[in-house]
1. Of the conditions (1) under 16 Å from residue 28 (Cβ atoms); (2) crowded, with 19+ Cβ neighbours inside 10 Å; (3) β-branched (Val, Ile, Thr), residue 107 fails just one. Which one is it?
2. Looking only at the stretch 15-49, which residues are touching a residue at least 40 places away in the same chain (Cβ under 8 Å), surrounded by fewer than 18 Cβ atoms within 10 Å (Cβ to Cβ) and on the phi > 0 side of the Ramachandran plot?
3. Go over the candidates 136, 140, 151, 126 one by one and state the one that is touching a residue at least 24 places away in the same chain (Cβ under 8 Å) and more than 29 Å from residue 231 (Cα to Cα).
4. Among the candidates 181, 186, which residue alone is open to solvent by less than 70 Å² (accessible area, probe 1.4 Å), of a type in the set (D, E, K, R), in a helix (DSSP H, G or I) and under 28 Å from residue 239 (Cβ atoms)?
5. For the subset of the stretch 59-76 comprising residues that are closer than 15 Å to residue 202 by Cβ and part of a loop (DSSP other than H, G, I, E, B), which member is nearest to the chain's Cα centre (by Cα)?
6. Quickly run through the stretch 189-211 and pick out the residues that are open to solvent by less than 60 Å² (accessible area, probe 1.4 Å) and not hydroxyl-bearing (Ser, Thr, Tyr).
Amino acid sequence: MYFTNINQKNTYYEIVNRKIILTKDGSSSIFLEEINEHYHSYFGALQESLHIFIEAGLCSNLLSCLEEISILEVGFGTGLNALLTYFKATELHKKIKYETVELYPLTSQEIEQLNYPSLLPYSNAKEIFTTLHNCKWDEKQMITENFSLHKRHTSALNADYPSKNFDLIYFDAFSPEVQPELWGKELFESIYKSMKEESILLTYCTKGSVKKTLKEIGFLIEKLPGPAGKREILRGRKC
C-alpha cells in the first residue's frame, strides 16, 4: 500500500510515501521507492533485528550483569526492535527503560499491516505491539512494572540526550547514503556523552567513514558477523 510522496529538503526527508512489503524471512518491512530504501534488510526484518540488536546488544555478555538496562533507539520505525526487546527482557528478567526518537511515526493503517505478532511465539504479542504503538508521544509510559517506553516525536539531531544515561544504543537510522547527517560526528558525540561507561552501541552500518567517526569520538569498535545477507555489523563500546 502506498501513502503519498517523499520530499527532499536539505537532505531531510518528509516521509509520506511508504509501501508495506514482505522480506525473505516472511516478516514485514517498509520500502521507500523514491529513494530505494528499506526500513529493514530485504533478507529478513525479523532475523536482522534479532541478530543485531537483541543477540549482539541486549543479550551481550557485556550487559549480562545488569538487572536494569536503559536503552536509546534512534529510529522507532515499525516498533519491531522495541517489541523484541520487551519479550527478550521478560525472559531474562531484566527491567527496561526504553527511549526512542522518531520524526515520522507510522499511521494506524500501516501498523495494522505489519505481521510481527503473528510470527512470534507469545500469546500476547499482538496486544503488546498495539500498546507500544498506541503509547502517547513525548510522555513516559509504563507498559508493565518492568518496562517503560518514552517515544519522542523529534529528529535524532534535535533531541536532547541526558548525560551518562544509557547502557545500550540501537542505532537504526536510514543509511548514510539517504541521511548522511544522521551519521556525522555531531550526533554521535551527543550520543556518546549520553552513554554510561562500558555501555554499547549497535548498528548495521559498517561504512568506513562511520567507523572512522566512531573511533575519533572514543568508541572501541569491533566488527561482528552480520545476519543473513550482510557480512558484518558494528558494535561500539564506551570505555
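1. Answer for residue 107: the failing condition is (2).
2. 26
3. Working: 136 fails: touching a residue at least 24 places away in the same chain (Cβ under 8 Å); 140 fails: touching a residue at least 24 places away in the same chain (Cβ under 8 Å); 126 fails: touching a residue at least 24 places away in the same chain (Cβ under 8 Å).
The match here is 151.
4. Working: 186 fails: open to solvent by less than 70 Å² (accessible area, probe 1.4 Å).
The unique qualifying residue is 181.
5. Residues of the stretch 59-76 closer than 15 Å to residue 202 by Cβ: 59-63, 69-75.
Now drop any that are not part of a loop (DSSP other than H, G, I, E, B), which leaves 59-63, 75.
Details: 59: 15, 60: 16, 61: 20, 62: 19, 63: 18, 75: 5 Å.
Filtering the stretch 59-76 for residues that are closer than 15 Å to residue 202 by Cβ and part of a loop (DSSP other than H, G, I, E, B), the one nearest to the chain's Cα centre (by Cα) comes out as 75.
6. Within the stretch 189-211, the first condition is being open to solvent by less than 60 Å² (accessible area, probe 1.4 Å), and the residues that meet it are 190-192, 194-195, 199-206, 208, 210-211.
Of everything in the stretch 189-211, those that are open to solvent by less than 60 Å² (accessible area, probe 1.4 Å) and not hydroxyl-bearing (Ser, Thr, Tyr) turn out to be 191, 195, 200, 201, 202, 205, 208, 210, 211.
The values are calculated or read from the model by the stated rules, or taken from the named source; none is laboratory data. From a predicted model like this one, the values you see are computed outputs, not experimental measurements. Methodologically, a virtual Cβ is constructed for each residue, glycine included, from the backbone with ideal geometry; neighbour enumeration extends over all protein chains shown. The accessibility values were calculated without ligands, DNA or RNA, using every heavy atom of the protein model including side chains. Shrake-Rupley method; radii C 1.70, N 1.55, O 1.52, S 1.80 Å.
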